[in-house]
Amino acid sequence: MLRDFKNFLFPKLCACCESALQTNEVLICTYCRHELPLYPNFFDGDHHLHKILYGRVLLDQAASLFYFEKKGIIQNLIHDLKYKGNKEVSFHLGEWLGDILQETGWQDKIDIVIPVPLHKQRMRERGYNQVEGFGRAIAEALSAEFNSHLLKRKSFSKTQVFKNRLARTDVVQNHFYVRGENDLRHQNVLLVDDLVTTGATLEACYLALKTAGVEKLNIATIAITT
Ligand SMILES: [Zn+2]
């Protein structure tokens, strides 16, 4: 009763369209849930990530929950996740994909789930990594470990960033590192990210993970541009 009243005064809003949620709806309204552009090839070798990262990353398996469409509800959803502090959405999407991955037998293939780390300054501004909940929920579904401390992003001064823009390889090779010498050796890693566009960030993470002796790299993302 009290909850209904509170909900009446401060209705919870859909993370995609911002309409008031009904009591039986969780985070995303029924309409948007049906409209969201689900990525169909969850587990086969035709996943678009294999094409994007071809020749750059030795990728084992890839999965994405949605296609990214500009101006679509998925753009609102990612925006909500990044800028409005909607951590619950991140976890919820992880549960969604986690269930699918579990059904397709991924739980035997992943030892540890690692999120793409944020810049330190971003982290300070935002207070959380928007992909952490997503990764945690997937790790739970697959009975894998979750660790957001092993893969780190280096911080650069503005001049360094500018110089690196001129030389793309520097960006790719030097932006990430793994803390802890042997923690990832021979591990099957699932790297998680929110949205993939060029794959440059994933490639940079891969190089750091490879140096740390990771056995197999798998990637799961909330959305992917195609
Ligand atoms: Zn909605």
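Could you list all residues from the stretch 102-120 that are under 15 Å from Asn188 (Cα atoms) and either in contact (Cβ under 8 Å) with a residue 60 or more places away in the chain or part of a strand (DSSP E or B) (or both)? Quick ask: steps written out before the conclusion?
Going through the stretch 102-120, the residues under 15 Å from Asn188 (Cα atoms) turn out to be 105-115.
Correct list: Trp106, Lys109, Ile110, Asp111, Ile112, Val113, Ile114, Pro115.
Go through the residues of the stretch 63-79 one by one and say whether even a single one is aliphatic (A, V, I, L, M), in a strand (DSSP E or B), farther than 29 Å from Ser155 by Cβ and more than 16 Å from the ligand (Cβ to nearest atom). Working first, answer last.
First pass over the stretch 63-79, keeping only residues aliphatic (A, V, I, L, M): 63, 65, 73-74, 77-78.
Narrowing the set further to residues that are in a strand (DSSP E or B) leaves 63, 65.
After this cut, where a residue has to be farther than 29 Å from Ser155 by Cβ as well, the list is 63, 65.
Next, from what is left, pick out any that are more than 16 Å from the ligand (Cβ to nearest atom): 63, 65.
Yes - at least one qualifying residue is present in the stretch 63-79.
Looking only at the stretch 172-226, which residues are at positive phi and open to solvent by 30 Å² or more (accessible area, probe 1.4 Å)? Lay out the reasoning, then the answer.
Kept after step one, since they are at positive phi, are these residues of the stretch 172-226: 180, 186, 199, 213.
Answer for the stretch 172-226, where residues must be at positive phi and open to solvent by 30 Å² or more (accessible area, probe 1.4 Å): Gly180, His186.
Please enumerate the residues belonging to the stretch 198-226 that are in contact (Cβ under 8 Å) with a residue 60 or more places away in the chain and of a type in the set (Val, Ile, Thr).
Result: Thr198, Thr201, Ile219, Thr221, Ile222, Ile224, Thr225, Thr226.
If His48 satisfies every condition in (1) open to solvent by 30 Å² or more (accessible area, probe 1.4 Å); (2) within 21 Å of Leu21 (Cα to Cα); (3) within 16 Å of the chain's Cα centre (by Cα) but one, which is the exception?
(2)
Give Leu53, Leu36, Leu27, Leu21 a once-over and let me know the one that is at positive phi and open to solvent by less than 70 Å² (accessible area, probe 1.4 Å). Write out each step before concluding.
Working: Leu53 fails: at positive phi; Leu36 fails: at positive phi; Leu21 fails: at positive phi.
On inspection, the qualifying residue turns out to be Leu27.
So which residues in the stretch 9-29 are near the ligand (Cβ under 9 Å from one of its atoms) and under 23 Å from the mean Cα position of the chain (by Cα), if there are any at all?
Let us first name the residues in the stretch 9-29 that are near the ligand (Cβ under 9 Å from one of its atoms), namely 13-19, 21, 25, 28-29.
Of everything in the stretch 9-29, those that are near the ligand (Cβ under 9 Å from one of its atoms) and under 23 Å from the mean Cα position of the chain (by Cα) turn out to be Leu13, Cys14, Ala15, Cys16, Cys17, Glu18, Ile28, Cys29.
Scan the stretch 143-159 and give yes if some residue there is at pLDDT 90 or above, part of a helix (DSSP H, G or I) and either under 27 Å from Tyr39 (Cα atoms) or open to solvent by less than 10 Å² (accessible area, probe 1.4 Å) (or both), otherwise no.
no
The values are calculated or read from the model by the stated rules, or taken from the named source; none is laboratory data. On a predicted model such as this, the values are computed, not experimentally measured, just so you know. Every residue, glycine among them, receives a Cβ derived from its backbone with ideal geometry; neighbour counts consider all protein chains shown. When the accessible area is computed, the model is the full protein with side chains, heavy atoms only, and any ligands, DNA or RNA have been set aside. Shrake-Rupley method; radii C 1.70, N 1.55, O 1.52, S 1.80 Å.
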